[in-house]
Amino acid sequence: MASAVTWIVFATTLILFLGLTLAGRDFYGILRVSRSATKNQIKKAYRKLAKELHPDVNQDQEAGERFQDLAAAYEVLSDDEKRRIYDARGEEGLKQGDFGGGDPFSSFFGDFSFFGGGGSREQHREMPKGGDVIVDLDVTLEELYSGNFVEVCRYKPVPKPAPGTRKCNCRQEMVTTQLGPGRFQMMQQQVCDDCPNVRMVQEEKLLEIEIEPGMRDGQEYPFVAEGEPHIDGEPGDLRFRINQLKHSKFERRGDDLYTNVTINLVDALNGFEIEIPHLDNRKVKVVREKITWPGAVIRKKHEGMPNYENNNVKGTLFIAVDVAFPKGELSKEEKESIKHILNQESAYRIYNGLQGY
């Protein structure tokens with residue numbers, strides 16, 4: 001009886017194992033997202049994991065294998081049709097060869113400049129290359145604080161087959177010419193190949209740019225091979241350059257934020273409690289119970305901009321306080337009352353206030 005139970009358990013385990021094997025890889029598990037994850041959530045998860053596992057960064061063999069799985073998972077789950085088939089029939093439901101052979105990482109991130117490497121680009125330096133295109137992308141401080149996805153329509157010239165042939169791959173070669181018996185001459189000559197003719201056609205392409213929290217003014221977001229084409233080589237790159245727009249309430253300096261608030265004289269003497277709307281619509285409470293002088297600076301740690309390399313770290317919010325003094329005249333009795341309440345001695349002092357600047 002015990003033997004029969006053992007065989008049943010073994011058979012059940014084997015069936016489950018074979019079922020998982022036939023079903024293929026768990027792409028949701030690889031990306032560490034739920035089956036209901038949105039496309040933006042899938043992209044953010046892929047980008048985060050790819051930074052850790054890409055071969056240019058992590059030389060571990062296991063990391064390389066995991067990156068291949070990650071690339072396959074992203075290619076399937078970021079495509080609506082492939083994801084629908086995968087959800088219905090698993091990896092086996094997809095046609096063999098539809099994914100896993102390319103590198104969606106390069107099209108999603110552009111090039112690998114933030115890794116310090118160039119991937120296969122370094123292996124083809126001798127290839128002619130089209131011009132790079134740099135486009136300024138206006139981004140609000142709110143987007144740089146919370147992150148966002150921006151879609152940009154790109155009209156790009158694409159080579160298409162055309163009738164006839166053209167001269168291509170032209171190069172200088174040494175050619176030997178016989179002038180007579182035992183007489184030869186060597187001279188340099190241009191040699192070209194015959195290539196199929198092409199014509200340039202404008203095509204529309206929708207590019208999606210991820211504005212990551214903490215990105216900085218002037219930072220570039222590259223797309224490899226989306227620049228100007230080269231008829232005999234590879235196209236250049238398209239780089240979007242972050243242009244941080246001015247903000248009406250905050251100024252950014254590195255990861256720190258600066259703002260000003262104005263209070264009245266009563267609050268300056270008695271203390272105050274205010275709420276400052278932040279870039280993500282939260283309310284930052286500022287409480288001060290002692291006297292506040294004009295120009296006083298209040299610091300709120302961890303309320304600045306998120307750090308680009310580590311979003312869990314945030315800068316400081318600096319709040320400079322201005323005091324609005326009342327207008328009008330005070331009566332003699334009011335003046336005496338103020339003197340009595342403040343009980344201040346005369347503190348006239350004449351000095352060079354610009355020293356040290």
Practice item. Please specify each residue of the range 283-303 satisfying the condition of being surrounded by 11 or more Cβ atoms within 10 Å (Cβ to Cβ) and among the charged types (D, E, K, R). Key: 288, 299, 300, 303
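To keep it simple, each residue is scored yes or no on (1) under 24 Å from residue 155 (Cα atoms); (2) in a loop (DSSP other than H, G, I, E, B); (3) open to solvent by 30 Å² or more (accessible area, probe 1.4 Å).
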position	(1), (2), (3)
217	no, yes, yes
221	yes, no, no
228	yes, yes, yes
232	yes, yes, yes
241	yes, no, yes
247	no, yes, yes
252	no, no, yes
Review point. Residue 145 fails exactly one of the following numbered conditions: (1) aromatic (Phe, Trp, Tyr); (2) surrounded by 13 or more Cβ atoms within 10 Å (Cβ to Cβ); (3) part of a strand (DSSP E or B). What is the number of that condition?
Key: (3)
Revision key, fill the gap. Contact list, first residue from the range 142-166 and under 17 Å from residue 130 (Cβ atoms) and free of Cβ contacts under 8 Å to residues at least 60 places away in the same chain, second anywhere and open to solvent by 50 Å² or more (accessible area, probe 1.4 Å) and of a type in the set (D, E, K, R), beta-carbon distance below 7 Å, six or more apart or interchain, is 155/204; 160/199
Point to revise | Checking residue 317 against (1) in contact (Cβ under 8 Å) with a residue 12 or more places away in the chain; (2) of a type in the set (A, V, I, L, M); (3) within 18 Å of residue 270 (Cα to Cα), the condition it does not meet | key: (3)
Exercise for review: List every residue pair whose Cβ atoms lie under 8 Å apart, where the two residues are 6 or more positions apart in sequence or sit on different chains, the first residue falls within the range 182-209 and is modelled with pLDDT under 80, and the second residue, located anywhere, is assigned to a strand (DSSP E or B).
Suggested key: 184/176; 184/177; 184/178
Review point. Which of the following residues is of a type outside the set (A, V, I, L, M), crowded, with 17+ Cβ neighbours inside 10 Å and either at pLDDT 50 or above or under 18 Å from the mean Cα position of the chain (by Cα) (or both): 110, 93?
Key: 110
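The values are calculated or read from the model by the stated rules, or taken from the named source; none is laboratory data. All values derive from a computational prediction rather than experimental measurement. Neighbour counts are summed over all protein chains in view; Cβ atoms, including those assigned to glycine, are modelled from backbone coordinates with ideal geometry. Side chains included, ligands, DNA and RNA excluded: accessible areas come from the protein's heavy atoms. Shrake-Rupley method; radii C 1.70, N 1.55, O 1.52, S 1.80 Å.
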